[in-house]
Amino acid sequence: MNHNFLVSIDIEAIKDIAIVAGTAVMQIYQTDFTIEYKADDSPLTQADKKANSIICDSLQRLYPLVPILSEENQEVPYSIRKAWEYYWCIDPIDGTKEFIKKNGEFTINIALIYHETPVLGVVYAPALGEIFWAKKNEGAYKNGIKLPFLTNTSPAKKLCVVVSKSHLSAETQAFIDALPSEKIERISTGSSLKLCMVAEGTADVYPRLAPTMEWDTAAADAIVRESGKIVYQYKSNNLLEYNKEKLVNPWFVVVEKL
């Protein structure tokens, strides 16, 4: 496989996989589902497992040579991963806490990574009826509309900052307090929707000065990049990188290109 492999991938097929997984997830969402807890105390539902099974099986059928890294699969040792050229990075349900609260703010995330860079992403929010997608050099879209569809022409007067509904750190709050704008409007939402809001232009900044994993951001990062925005590492201004030895992301900020 080489960089031309990306051209051969049908983004519509990847969107279809996300939609099929979302349909199955929504059937569970309407029920009194059970909740388990993983070793790190993060919640897990049968919906996470079902979505993971649908996505992984479908991708393996379509692209049997491309390895898969998923939050819900057994972790692949770095000694194996470091040789990957392309791989799928999956978060079957990002925002499981929001899923459990039944507030609709959870997403199904499928990304294709080339070495350390996300080059394709699909983010589907089935409860909201919103699907975002992007493929390198082909633009980013939400429900068929090209992103961004809003632009802030006077950021010095007003900035809209999106923050996590379930994880707002003191450091993130301090970052917001230091922003150079007369008026700061704050929105809180769940899951990878926060990155997508910056991509579409409904938010200007998403600071995440708290831990996340690569699969939490990969699909939405591809969308952000294709929308002309950027996810940069806090204080270093480098882009987020993927397939690191440790899969924890550094702190980051999503914003207009610097």
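See the values below:
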read-out: Qualifying residue in the stretch 5-13 (condition: farther than 18 Å from Ile131 by Cα, open to solvent by 10 Å² or more (accessible area, probe 1.4 Å) and in a loop (DSSP other than H, G, I, E, B)); value: no
read-out: Strands (runs of 3 or more DSSP E) contained entirely in the stretch 186-258, each with at least 1 residues that are surrounded by fewer than 24 Cβ atoms within 10 Å (Cβ to Cβ) and not acidic (Asp, Glu); value: 229-233, 252-256
read-out: The stretch 45-63: number of residues that are over 20 Å from the mean Cα position of the chain (by Cα) and either open to solvent by less than 10 Å² (accessible area, probe 1.4 Å) or within 15 Å of Ile17 (Cα to Cα) (or both); value: 5
read-out: Residue among Glu75, Glu36 that is closer than 23 Å to Tyr114 by Cβ and either assigned to a strand (DSSP E or B) or open to solvent by 20 Å² or more (accessible area, probe 1.4 Å) (or both); value: Glu75
read-out: Of all residues in the stretch 174-185 being outside any loop (DSSP other than H, G, I, E, B) and surrounded by 14 or more Cβ atoms within 10 Å (Cβ to Cβ), the one that is farthest from the chain's Cα centre (by Cα); value: Ile184
read-out: Residue check, Asp41 open to solvent by 90 Å² or more (accessible area, probe 1.4 Å), more than 19 Å from the chain's Cα centre (by Cα), more than 16 Å from Trp215 (Cα to Cα) and among the acidic types (Asp, Glu); value: yes
read-out: Among (1) under 22 Å from Val122 (Cβ atoms); (2) modelled with pLDDT of 95 or more; (3) not in a strand (DSSP E or B), the one test that Lys97 misses; value: (2)
read-out: Breaking point among (1) open to solvent by less than 40 Å² (accessible area, probe 1.4 Å); (2) without any contact (Cβ under 8 Å) to a residue 60 or more places away in the chain; (3) over 17 Å from the mean Cα position of the chain (by Cα), for Gly104; value: (3)
read-out: Sole residue being open to solvent by 70 Å² or more (accessible area, probe 1.4 Å), part of a loop (DSSP other than H, G, I, E, B), farther than 19 Å from Ile17 by Cβ and touching a Gly at 6+ places or on another chain (Cβ under 6 Å), chosen from Leu150, Leu168; value: Leu150
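Residue by residue, here is whether (1) outside any helix (DSSP H, G or I); (2) hydroxyl-bearing (Ser, Thr, Tyr) holds:
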{"residue": "Ala18", "(1), (2)": "no, no"}
{"residue": "Gly22", "(1), (2)": "no, no"}
{"residue": "Met26", "(1), (2)": "no, no"}
{"residue": "Asp41", "(1), (2)": "yes, no"}
{"residue": "Ser58", "(1), (2)": "no, yes"}
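The values are calculated or read from the model by the stated rules, or taken from the named source; none is laboratory data. Worth saying up front: this structure is predicted, and the values here are computed from it rather than measured. Every residue, glycine as well, gets a Cβ built from its backbone with ideal geometry; the counts of neighbours run over all protein chains shown. The area values use the complete protein model at the heavy-atom level, side chains included, leaving out ligands, DNA and RNA. Shrake-Rupley method; radii C 1.70, N 1.55, O 1.52, S 1.80 Å.
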